[in-house]
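The values are calculated or read from the model by the stated rules, or taken from the named source; none is laboratory data. This one's a predicted model, so the numbers in the text were calculated from it and none came from an experiment. A quick note on method: Cβ atoms are made from the backbone with ideal geometry, for glycine too, and the neighbour counts reach across all protein chains shown. Side chains included, ligands, DNA and RNA excluded: accessible areas come from the protein's heavy atoms. Shrake-Rupley method; radii C 1.70, N 1.55, O 1.52, S 1.80 Å.
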Amino acid sequence: MSDLTIADLTFISREELSKLLRTSSSAAGSNISEPFESTLETTPSDVPQPADATVIAPKDSEIAIIDVRDGDHVGGHIKNSIHAPSSELDYRMPELVRTLKNKDTIVFHCALSQQRGPSAALRYLREKKRLEGKKEGEENGQKVLVLDGGFVKWQEAYGKDKDLTEAYEEDIWKFGY
């Protein structure tokens, strides 16, 4: 049994995340809108491949945003976030851990970040610990955070900001979630 619990998770506000994304992209000397692609390598061949089976993250960025929304992944997303539906995390989590090993900060979110986002962050931390063989009390070297309020709260402030949000559909959100 793992010593990690939901109570161990740290939340980040939408304002802090937007500042971190803007700082990360400018400090790295890259444009946040210039993604790189890395194909998932270890997905079992007998598992159906999702349509978006590539990992997209800002070039040279120190942060990765993991969006675990499922069918509710409509109406926009944080720019260059990785869409890893919660229904696919069982087989995608080991690859996410390997793909994101050089990132300083990983932020998970779902629509409200009350269930799927925090659960995914916890699963990530546990899988990272398992794959790296960390012992009790050893530091994992990454900040793993959960976006407070999820995409619903994010889009209220940054939905129309094309530097931070992609594929935003205001009509979907104008009457609330």
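List the pairs from 129/162; 128/162; 19/143; 128/174; 101/160; 19/101 whose alpha-carbon separation is above 27 Å, in the order I gave them.
On the way: 129/162 36 Å; 128/162 33 Å; 19/143 16 Å; 128/174 38 Å; 101/160 31 Å; 19/101 22 Å.
Exceeds cut-off: 129/162; 128/162; 128/174; 101/160.
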### Computed over segment 65-177, Cα set: Rg, Dmax in Å
14.7, 49
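Where Lys and Arg each count +1 and Asp and Glu each count -1, what net charge lies around residue 10 among other residues with Cβ under 12 Å from its Cβ? Walk me through the numbers before you get to the answer.
Numbers: positive: 143; negative: 8, 16, 148.
Local charge sum for residue 10: -2.
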### Query
What residues have an amide H closer than 5 Å to that of residue 12, excluding those fewer than 5 places away on the same chain, when H is modeled at 1.01 Å from N in the peptide plane?
146, 147, 148
#### Entry: Candidate residues 154, 173: accessible-area rank, largest first, probe 1.4 Å
173, 154
